[in-house]
Amino acid sequence: MLIKSRVVLGSAIALFALSACNDKDASKSASAPAVASVAADNGPVAATVDGAPISKKQLDMIMQQQAAQGMPDNAETRKMVIDNLAMQMLVAQEAVKKGLDKTPEIAQQMDMTRQSILANAFVKDYLKTATVSDDALKAEYDKFKAQSGGNQFKARHILVEKEDEAKDIIAKLNKNVKAFDALAKAKSKDPGSKDKGGDLGWFDARSMVPEFGAAVAKLEKGKFTEEPVKSQFGYHVILLDDTRPVTVPPLEEVKAGLTQQLQQQNLKKMLDDMKAKAKIDIVAAAPAAPAAPAAASASAASETASAPASSAPASATAEPAKK
């Protein structure tokens with residue numbers, strides 16, 4: 001989704017394209033049939049500015065995007081958007097009168113905006129029309145089942161900084177495993193589970209750091225690790241409360257998500273292929289040299305002005321910096 005400023009800019013450019021061929025006087029004297037002709041191409045008109053139309057379709061597009069950001073779609077908001085578009089159109093027309101659209105920098109920006117809109121339109125069209133075969137969908141679902149299968153674990157842990165601390169906790173648990181809750185609240189360094197007696201809830205062992213996940217998978221229900229489990233966070237003492245098999249949802253429930261995932265994968269492959277076939281020569285990737293500080297430039301200019309005519313400054317014979 002384009003951000004607000006780009007949407008408004010894009011709309012103004014599109015609107016301006018309809019009226020750029022007319023000068024101010026012609027725009028003011030634009031007839032109703034002329035406006036109707038433009039409206040026929042772009043649908044109903046939401047407003048006109050000196051006879052140039054702001055189409056309802058463009059207004060609706062902006063309102064949909066703004067609604068996604070929490071802006072209410074009502075008459076007051078639409079009038080505000082129309083006012084902004086109208087002012088933008090008028091200022092853009094003044095910029096064209098001054099020839100700003102012909103300056104290299106502005107022309108390049110307009111071209112880049114056009115390319116961005118076209119590229120986004122291509123991707124949107126591809127995702128809307130691309131199909132995924134039943135065989136590809138089934139293969140992706142089988143992969144999903146393999147990755148989602150197995151067991152989930154409900155466990156508690158106590159995290160400490162030193163191995164000796166963990167061994168001391170294990171020794172206390174060997175005498176009374178019911179002390180786990182109190183020991184976790186007193187000694188654990190994990191702020192997310194400490195106050196819950198170390199309870200981590202249900203989780204997939206693959207979502208944990210490897211050392212932790214492997215240790216949990218080996219435990220029996222009601223048992224705890226007899227040796228401290230070292231990870232990047234410190235030393236863990238883990239108690240397994242329960243285990244349950246993972247229920248994989250049927251294909252129909254995940255079909256839409258898997259289809260979108262495959263479309264994204266196919267899109268990426270297509271774009272990678274396009275790039276691989278293209279000849280891309282990088283000529284100047286290095287950043288441009290920073291401009292000299294104003295004070296230094298002024299000093300250099302002063303020295304140059306006061307130098308004898310026969311003594312040319314060093315910079316006069318230096319090769320221009322390449323940009």
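The values are calculated or read from the model by the stated rules, or taken from the named source; none is laboratory data. Quick caveat: nothing in here was measured; it's all calculated off a predicted structure. Cβ sites come from the backbone with ideal geometry, for glycine too, and all protein chains shown count toward neighbours.
Look at GLU220 and say whether it is of a type in the set (Asp, Glu), in contact (Cβ under 8 Å) with a residue 24 or more places away in the chain and either touching a helix residue (DSSP H, G or I) at 6+ places or on another chain (Cβ under 8 Å) or farther than 18 Å from LYS189 by Cα (or both). No; evaluated as a whole, the condition is false for this residue.
Contact map, the stretch 31-59: residues that are outside the structural domain of ASP83 (by TED's automatic domain parsing) paired with residues that are at pLDDT 50 or above and not in a loop (DSSP other than H, G, I, E, B), Cβ distance under 6 Å, separation 6+ or inter-chain. No pairs are found. Do the conditions hold for VAL237, that is, is it in contact with a Pro (Cβ under 8 Å, 6 or more places away or on another chain) and modelled with pLDDT of 95 or more? The answer is yes for VAL237. Within the stretch 43-79, the set of residues being assigned to a helix (DSSP H, G or I), more than 28 Å from the chain's Cα centre (by Cα) and of a type outside the set (Lys, Arg) comprises ALA75, GLU76.
Considering ALA179, ALA121, ALA146, the condition of being among the small types (Gly, Ala, Ser) and touching a Leu at 6+ places or on another chain (Cβ under 9 Å) is satisfied by ALA179 alone.
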